[in-house]
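Just so you know, all these numbers are worked out from the coordinates, no wet-lab data involved. Keep in mind that what you see is a predicted model, and the values were worked out from it rather than measured. Glycine also receives a Cβ, built like all others from the backbone with ideal geometry; neighbour counts cover every protein chain displayed.
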Amino acid sequence: MDELEQRERQRDGTRRDTFRREADRLGLALVTVDIPSPCSNEVYEARMAEAIAAARADGVTHVIFGDLFLRDVRAYREDRLAGTGISPVFPLWDRPTNVLAREMLESGLKAVITCVDPAQLPGEFAGRCFDAELLGELPSGVDPCGEHGEFHTFVWDGPGFRSPIDVEIGRIVERDGFVFCDLSEPEPTTVSAAASLNRGRECGIGCDAALVAGQMEQPAQMSG
């Protein structure tokens, strides 16, 4: 993968253009923060500090995080935002993840697993729809919402979307210790996730797919 392609992909391997289409469907502005790969803590935190300062200058007063129960991650976010004039909000904090995952499915959210940590979950789960069947097949110890980083997802339909995002489930590749499913805009003759849904296969959503690329994540070496 060359440097340009690295910049055009996010932590979970999803193409940046795919995130742009997601934001468009939701009617939201997409703000990205570019970081090199690999990236040191110093560079990461400097880039994020610049982004937070710019957001505050634009009138942002709160940042919403989807964290569920990892207290070290929450503490890190609170520490980095302290004194910035922006307050962190954790609306899903301490919600039981087995209940939350099924509530999201029942709401109509649709997603595909785009990245798997094979040290925690078999790589064969990459490229699968996040649905009730998948929840029933997760090994013991794997969080239903992927809160330990077992998997990441891309949301392509659900409440708030003006229309589904037509994505092609492409190659499954192993890179940098993770298994990735490539997503792209389908050619007219290819089968997309939305087309699969139209044939009767229900797809669901995992909670940790991020809309805003470059959101304030705890650095890898601190999160393990």
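Listed peptides 112-122, 126-136, 165-175, 48-58 appear in the order 112-122, 126-136, 165-175, 48-58 once ranked by packing, highest mean of other Cβ atoms within 10 Å at the front.
Normalised by the number of residues in segment 99-178, the mean separation of alpha-carbon contacts (under 8 Å, six or more apart) gives a relative contact order of 38 percent.
Between Glu42 and Ala55, the distance separating the two model label sites (each 7 Å from Cα on the Cα→Cβ line) works out to 2.5 nm. The relative contact order of segment 1-157 comes to 20 percent, based on Cα pairs under 8 Å that sit 6 or more residues apart.
The residues Trp156, Trp93, when put in order of fewest to most other Cβ atoms within 10 Å, stand as Trp93, Trp156.
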